[in-house]
Structure formats: structure tokens, C-alpha cells
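Asks: Take this structure first; my questions come after.
What follows draws every value from the coordinates through simple rules; no lab data is involved. For clarity, every value in this text was computed on a predicted model and none was experimentally measured. Note that we place each Cβ from the backbone using ideal geometry, even for glycine, and neighbour counts take in every protein chain shown.
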Amino acid sequence: MEESTEPKKVHKGIKKGLYVIPTAFTAGNIGCGFLAVLWSIRGFHLAFSDPAGAAGYFNYAAVAIGLAILFDTLDGRVARMTQTATEIGVQFDSLADVLTFGIAPTALIFSWAFAPAFGESSSEYGFGVFLLFMYIMCGAFRLARFNIQSTRPRVLMEGTPKLDKKNFVGLPIPPAAGLMASIVHFSPMPLSSHGEGMAQFYAVLMMVLIAVLGVLMVSTIKYTSFKTAGSGRGNLYLLLLVAAVGMLIYLYSKYVLLILSAIYVGHGILFYIFSLFRKRPLAASTEA
């Protein structure tokens with residue numbers, strides 16, 4: 001009898017240990033966001049006196065945000081694979097995302113673009129800070145809406161977009177932060193190094209991008225989740241695709257990461273536009 005009880009105790013211990021794995025990935029996510037903020041601050045200190053040194057810190061911050069996206073992707077997949085998903089894990093992951101994909105990228109863009117390009121007393125500087133604040137607000141709202149849709153309380157059943165495994169409702173905050181980080185990774189030199197005129201021009205373009213990303217996050221445009229990717233026979237093809245993309249990122253990270261992030265952010269807009277054109281012929285045919 002004593003021998004039969006030993007495997008059960010070991011099984012329980014292993015089961016409890018599995019819950020630590022997704023939390024460890026989330027902790028890695030938070031650590032990357034924390035380092036990205038510190039490196040952004042350090043880069044801002046060197047933006048005018050040592051632009052090349054500042055570029056190194058800005059690039060470190062951008063790479064840290066990219067690694068955080070990897071950790072954020074893995075913690076959810078590991079939790080589903082090991083069947084260790086918990087409610088506190090969902091909330092912990094969302095709080096981590098606010099730091100890593102909300103505060104960290106805004107600190108990076110502020111230090112890399114807005115602060116070097118505009119004077120602190122200028123209206124452009126103030127408007128840039130306002131847009132960064134609204135980006136964080138939209139990202140936090142997006143995360144809160146996702147958590148509510150995941151729990152699906154009865155009070156929100158009517159008039160609320162249903163959450164399915166294949167699509168996200170609105171642009172997720174990690175790819176939004178990933179696009180901004182990939183732009184800095186592509187050109188990490190502070191904008192002030194390009195001259196006053198070009199620096200302000202590029203900074204205005206970043207303002208437009210941040211405003212668009214904020215609107216996309218709170219929109220109801222659907223974005224592919226890739227949660228069902230690789231199911232069944234597609235596992236081998238998914239593995240080959242991941243290996244190929246990983247090698248391309250290793251060899252040409254500046255170009256590949258920028259292209260991939262831009263494609264993901266843009267594909268939801270394109271699908272939404274195509275859906276509008278599909279609905280118009282159907283409406284015209286029913287009226288006729």
C-alpha cells in the first residue's frame with residue numbers, strides 16, 4: 001500500500017511545478033520591459049553628447065521589447081499545453097503587458113524621437129507626450145477588454161464582439177509595441193542626429209503612427225491570433241516556417257522584424273477594407 005501512494009505524491013509535485021513555468025516566462029516579460037525603460041533613460045542622457053552611445057542603448061531597449069514579445073507568446077502557449085492556465089495568470093500577464101508594451105515603448109519613443117526633436121516648451125513636444133499617454137490608455141483599455149471578453153460574463157453577452165480562438169478583437173498591444181521597437185531597431189540613432197528639420201519631420205510621422213496604433217487597439221478590427229496554427233498535420237510546416245523566419249531574423253533582424261511587424265499591423269486594416277467591399281455587393285443584391 002505504501003508503494004502505491006508514492007507515485008501519486010510525485011505526480012502532485014510535478015503538477016504544482018508546472019504552474020511555475022508560465023509565470024517564469026511572464027517574469028521574463030516584465031524583466032525585459034524594466035530593462036527597456038532603464039536603457040531608454042540612459043540613451044536619452046547621451047542623445048546630445050554621444051549620439052552613437054545613445055543609439056546603442058536605444059537598440060538594447062528595442063531588442064528587449066522584442067524578446068518580451070517572445071516571452072509573452074510562450075507563456076500563453078506553455079500554459080495551454082501544460083493545462084496550467086489560471087485566472088491569476090491571466091491578470092498577471094495583462095499587468096506585465098502594460099509595463100512592457102505600454103510604458104516601455106512610450107519611454108523609448110519619447111527618449112529617441114520626441115525629446116531630442118522638439119524643445120520642451122514647444123507645442124509639438126506637449127502634443128507628442130499627450131499621444132504617448134493616449135497610447136498607454138488605449139493599450140490598457142485593450143487589455144481590460146480582452147480579459148472581460150475571455151471571461152464572458154452574462155451582462156456583456158449582448159452587443160459585445162465574441163472572442164474566438166482564431167482572431168483578436170482590435171490590435172493586440174504586443175505587436176503595436178513591436179512595430180515601434182522595430183523602427184528604433186532599424187534606425188537606433190536619436191532623431192536629433194539627422195538635423196533639426198528632418199528630426200521634426202520624422203517625429204511627426206511617429207506621432208501619426210502612435211495615434212493610428214492607439215485607434216487600432218480600441219477598434220473592433222479583427223487580427224489573426226495564430227493560436228490554432230500548427231494544429232494537426234501543420235506542425236511540421238509550422239516548425240519549418242519558424243526555423244526559416246528565425247534564421248532570417250538572426251541574419252537580417254533590422255529588415256525582417258520591421259517587415260513582419262508592419263505586415264501584422266497592416267493585415268487587419270486590409271482585411272477590414274476587403275470586408276467592407278464584400279458587404280456592399282451583398283447589400284445591393286438584397287435591395288434589388
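Asks: Considering the zone a paramagnetic label at Thr73 would reach in this model (a point 7 Å from Cα along the Cα-to-Cβ line), which residues of the stretch 204-224 have amide N under 17 Å from it?
Replies: 223-224
Asks: If r is the Cβ-Cβ distance from Ile21 to Phe48 and R0 is 41 Å, what FRET efficiency results, to the nearest 0.05?
Replies: 0.40
Asks: Using a simple spin-label model with points 7 Å from Cα along the Cα→Cβ vector, what separation in nm is obtained for Lys254 and Leu95?
Replies: Each label point lies 7 Å from its Cα, and together they span 3.9 nm.
Asks: If packing is taken as the average number of other Cβ atoms within 10 Å across a peptide's residues, how do 239-250, 28-39, 212-223 rank, most packed first?
Replies: Final packing ranking: 28-39, 212-223, 239-250.
Asks: Still on this model: Could you work out the local net charge near Asn29, counting Lys and Arg as +1, Asp and Glu as -1, over the other residues with Cβ closer than 10 Å to its Cβ?
Replies: Net of charged neighbours comes to -4.
Asks: Calculate, in nm to one decimal, what Phe201 and Tyr272 gain on full extension: separation in residues at 0.36 nm each, minus their alpha carbon distance.
Replies: 22.6 nm
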